[in-house]
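See below for the structure under consideration.
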Amino acid sequence: EIFKKNKARFQYEQLKNQLNPHFLFNSLNVLDYLVHTDSEKASSFIKKLAGVYRYLLDKERDMLVTLQEELKFTMMYCDLMKERFDTGMSISTQIDDKYLSTYIVPCSIQLLVENALKHNIVSSSSPLHVKIFIENKWLVVENNLQPKITEDQSSKVGLKNIESQYMSMFNKGIEVQKTSDVFRVRIPLIFEKTV
């Protein structure tokens, strides 16, 4: 049991660390642009960026968070990305209130949104649409598929880390579905906090 918890904690650290380097680099580039063009937007951007990192620090020891907390964090992240991609992305959530108190691995939704942005064309002429909803007690993160032409083969590290977390803690995997026009990941909702 101790080994299982330590393994899960290590895998969560890997998951969380994925957010740091690229996200911070891109955020600083956006901030640099905003500082020179719109100081009010730059100030708002800094507050949202601080909120994202505050969440990471606050949840550092938590192996699970409520779906409500994770959605709030993901929407802060998406607000930052909208500054970067403007009209090139949209995100919609359709979550019944009764599921907001269920549990999920921290950063998992955000990572799936980040993957969608990373692997797809995101532009005003080809907007990326991300949908987050519940389906048969599973959380679904779905996006239209428009792969980048120069896209190298993905290592799928993010998906593997999320999968490892759920398998280690709950012996449940995630489900990945890909069609010619849609990419979706289904994550099991946890109804009792057992870790």
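No value in this document is a laboratory result; all are computed from the given coordinates. From a predicted model like this one, the values you see are computed outputs, not experimental measurements. Here the Cβ positions follow ideal geometry from the backbone for every residue, glycine too, while neighbour counts run over all protein chains shown.
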| said: If R₀ is 30 angstrom, what is the calculated FRET efficiency for the pair LYS82 and GLU175, using the beta carbon separation as r and rounding to 0.05? | reply: 0.60
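Just for the range 61-195, what percent of DSSP beta bridges are antiparallel, to the closest 5?
80 percent
Report, in debye and to the nearest 20, how large the dipole of the range 53-144 comes out about its Cα centre when Lys and Arg carry +1 and Asp and Glu carry -1 on their Cβ.
Values: 10 positive and 13 negative charges, 19 e Å.
In debye, rounded to 20, the range 53-144 gives about 100.
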| Residue-wise, which Karplus ³J(HN,Hα) couplings in Hz belong to the range 99-111, taking 6.51 cos²θ - 1.76 cosθ + 1.60, θ = phi - 60°, and x for glycine or proline? | 8, 5, 8, 6, 10, 8, 6, x, 6, 5, 5, 4, 5
| In sequence order, calculated HN-Hα J values of the range 114-120 (Karplus, 6.51, -1.76, 1.60; Hz; x Gly/Pro) | 4, 4, 4, 5, 6, 9, 10
| message | Cβ neighbours within 10 Å, averaged per peptide: list 29-37, 97-105 in order, most packed at the top. | response | 97-105, 29-37
| Out of residues 5 or more away from LEU128 or on other chains, whose amide H comes under 5 Å of its own, with H placed 1.01 Å from N in the peptide plane? | MET89, SER90, SER123
| Non-local amide H neighbours of GLN146 (under 5 Å, H modeled in plane, Pro and chain starts lacking H): which ones? | ILE121
| Which pairs, out of LYS148/LYS178; LYS72/LYS148; LYS47/LYS172; LYS131/LYS178; LYS47/LYS178; LYS72/LYS178, put more than 25 Å between their alpha-carbon atoms? | LYS72/LYS148; LYS47/LYS172; LYS47/LYS178; LYS72/LYS178
| said: With a cut-off of 8 Å between alpha carbons and a minimum separation of six or more residues, what is the relative contact order of the range 20-82 in percent? | reply: 36 percent
| said: Can you compute 3J(HN,Hα) from phi for each residue in the range 132-146, using the Karplus curve 6.51 cos²θ - 1.76 cosθ + 1.60 with θ = phi - 60°, rounded to whole Hz and x for Gly and Pro? | reply: 10, 7, 9, 9, 6, 6, 10, 8, 10, 10, 10, 9, 5, 9, 8
| note | Rounded to 0.05, the calculated FRET efficiency for the beta carbons of PHE25 and ARG54 at R₀ = 22 Å is 0.70
